[in-house]
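A.B. asks: Pasting a structure here, questions to come.
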Amino acid sequence: MVASGAVEVSPQRFLHVIGDPRRWRLVSELARSDRRVRELTELVGEPQNLVSYHLRELSEAGLVSSRRSSFDGRDVYYRANVDRCGELFEAAGAALHPGFRVEIAPPPPPAPRHGPTPRVLFLCTGNSARSQMAEALLEHLSGHTIRARSAGSHPKPLHPNAVRAMAERGIDISANSPKHFRRVARARFDRVVTLCDRVKEVCPELPGHPEVAHWSIPDPAAHPATDGETYPAFEQVASDIERRIVHLIASLSTTKKR
């Protein structure tokens with residue numbers, strides 16, 4: 001069964017596309033962080049025209065998607081559609097033999113850890129919506145086994161629609177206070193995630209050389225409108241962040257502490 005809006009891809013076509021070593025590498029890199037073409041060319045050591053060709057093949061199969069940068073409209077960020085890749089791996093196994101049918105379930109929250117608690121910092125421009133929601137979702141979905149913080153380059157008041165989107169998920173962030181990333185500049189984190197294209201360009205150097213990833217997520221409050229009119233954009237962004245958080249938890253659960 002193909003999810004609404006998903007590209008119809010046969011198991012044979014999927015395996016052909018994902019089986020190419022260069023495309024496999026591209027999807028692996030994009031599963032870790034959203035990237036621009038020029039960043040991918042450096043990572044995989046291939047010329048831009050070849051990388052663009054493989055990205056087009058992956059896009060046509062629905063394995064990656066793209067959005068234009070909200071900071072520089074000439075840039076395009078690509079991301080891996082991780083959930084769709086999982087669905088297609090499942091379908092390919094079932095098509096090969098009924099005995100290979102598996103059900104891919106979301107990973108459970110990590111068990112209590114012995115040793116230091118993983119720490120993640122989320123950054124966006126205003127620290128008023130996206131990064132606040134990401135911070136709250138990571139702590140909630142991990143059962144508070146992962147410590148999350150958030151900050152912004154130009155903090156603004158907490159947006160009421162961010163509070164509403166979290167409240168509908170049983171999470172109260174109404175007392176949260178946006179803060180400038182100078183306040184966390186000396187703290188140590190295992191992972192830093194930028195959630196807007198603008199702040200990615202000014203992300204500060206942090207102690208301990210944490211792994212840095214970028215999620216190119218549009219600002220749900222970017223267009224002037226009443227709170228009621230913009231709420232669907234906040235709900236869509238919250239759902240996107242929630243899906244990414246599930247995969248982040250799985251990544252942190254399997255990454256050895258440096």
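A.B. asks: Return the residues of region 207-230 that are open to solvent by 20 Å² or more (accessible area, probe 1.4 Å), more than 20 Å from Asp34 (Cβ to Cβ) and outside any loop (DSSP other than H, G, I, E, B); say none if nothing qualifies.
C.D. replies: Of everything in region 207-230, those that are open to solvent by 20 Å² or more (accessible area, probe 1.4 Å), more than 20 Å from Asp34 (Cβ to Cβ) and outside any loop (DSSP other than H, G, I, E, B) turn out to be Asp227, Gly228, Glu229.
A.B. asks: If you don't mind, there's one more thing I want to ask. Tell me, yes or no, whether region 112-126 has at least one residue that is modelled with pLDDT under 95 and of a type in the set (D, E, K, R).
C.D. replies: yes
A.B. asks: Does at least one position in region 4-16 carry a residue that is surrounded by fewer than 17 Cβ atoms within 10 Å (Cβ to Cβ), in contact with a Lys or Arg (Cβ under 7 Å, 6 or more places away or on another chain) and farther than 23 Å from Val199 by Cα?
C.D. replies: Yes - at least one qualifying residue is present in region 4-16.
A.B. asks: For region 238-254, give me the residue count where each residue is β-branched (Val, Ile, Thr) and either open to solvent by 50 Å² or more (accessible area, probe 1.4 Å) or without any contact (Cβ under 8 Å) to a residue 24 or more places away in the chain (or both).
C.D. replies: So the first thing to find is which residues in region 238-254 are β-branched (Val, Ile, Thr), and the list is 241, 245-246, 249, 254.
From what's left, either open to solvent by 50 Å² or more (accessible area, probe 1.4 Å) or without any contact (Cβ under 8 Å) to a residue 24 or more places away in the chain (or both): 254.
Matching residues across region 238-254 total 1.
A.B. asks: Would you call Asp75 acidic (Asp, Glu), open to solvent by 40 Å² or more (accessible area, probe 1.4 Å) and at pLDDT 90 or above? Show your work before the answer.
C.D. replies: Details: acidic (Asp, Glu): yes; open to solvent by 40 Å² or more (accessible area, probe 1.4 Å): no; at pLDDT 90 or above: yes.
Against the criterion (acidic (Asp, Glu), open to solvent by 40 Å² or more (accessible area, probe 1.4 Å) and at pLDDT 90 or above), Asp75 does not qualify.
A.B. asks: Identify, please: which residue in region 17-59 is among the β-branched types (Val, Ile, Thr) and within 25 Å of Leu195 (Cβ to Cβ) and is, among those, modelled with the lowest pLDDT? Spell out the reasoning first.
C.D. replies: Step one: filter region 17-59 for residues among the β-branched types (Val, Ile, Thr), giving 17-18, 27, 37, 41, 44, 51.
Now restrict to residues that are within 25 Å of Leu195 (Cβ to Cβ): 27, 37, 41, 44, 51.
Numbers: Val27: 97, Val37: 96, Thr41: 97, Val44: 93, Val51: 97.
Across region 17-59, the extreme among qualifying residues is Val44.
A.B. asks: Can you find a residue in region 164-183 that is in contact with a Lys or Arg (Cβ under 9 Å, 6 or more places away or on another chain) and hydrophobic (A, V, I, L, M, F, W, C)?
C.D. replies: no
A.B. asks: Consider Arg36 carefully, then state whether it is closer than 23 Å to Glu201 by Cα and open to solvent by 30 Å² or more (accessible area, probe 1.4 Å).
C.D. replies: Details: closer than 23 Å to Glu201 by Cα: yes; open to solvent by 30 Å² or more (accessible area, probe 1.4 Å): no.
No.
A.B. asks: Which one of these does Leu252 not meet: (1) more than 16 Å from Asn127 (Cβ to Cβ); (2) touching a Phe, Trp or Tyr at 6+ places or on another chain (Cβ under 6 Å)?
C.D. replies: The failed condition is (2).
A.B. asks: Considering each residue of region 194-243, count those that are among the charged types (D, E, K, R) and at pLDDT 90 or above, and give that number.
C.D. replies: 9
A.B. asks: Look through Pro210, Pro204, Pro157 and report the one residue that is in contact (Cβ under 8 Å) with a residue 12 or more places away in the chain and either among the hydrophobic types (A, V, I, L, M, F, W, C) or within 14 Å of Gly126 (Cα to Cα) (or both). It would help to see each step written out before you state the result.
C.D. replies: Details: Pro210 fails: either among the hydrophobic types (A, V, I, L, M, F, W, C) or within 14 Å of Gly126 (Cα to Cα) (or both); Pro204 fails: either among the hydrophobic types (A, V, I, L, M, F, W, C) or within 14 Å of Gly126 (Cα to Cα) (or both).
Matching residue, one of Pro210, Pro204, Pro157: Pro157.
The values are calculated or read from the model by the stated rules, or taken from the named source; none is laboratory data. Given the structure is predicted, the values throughout are model-derived calculations rather than measurements. We place every Cβ from the backbone using ideal geometry, glycine too, and count neighbours over all the protein chains shown. SASA here: full protein model, heavy atoms, side chains in, ligands and nucleic acids out. Shrake-Rupley method; radii C 1.70, N 1.55, O 1.52, S 1.80 Å.
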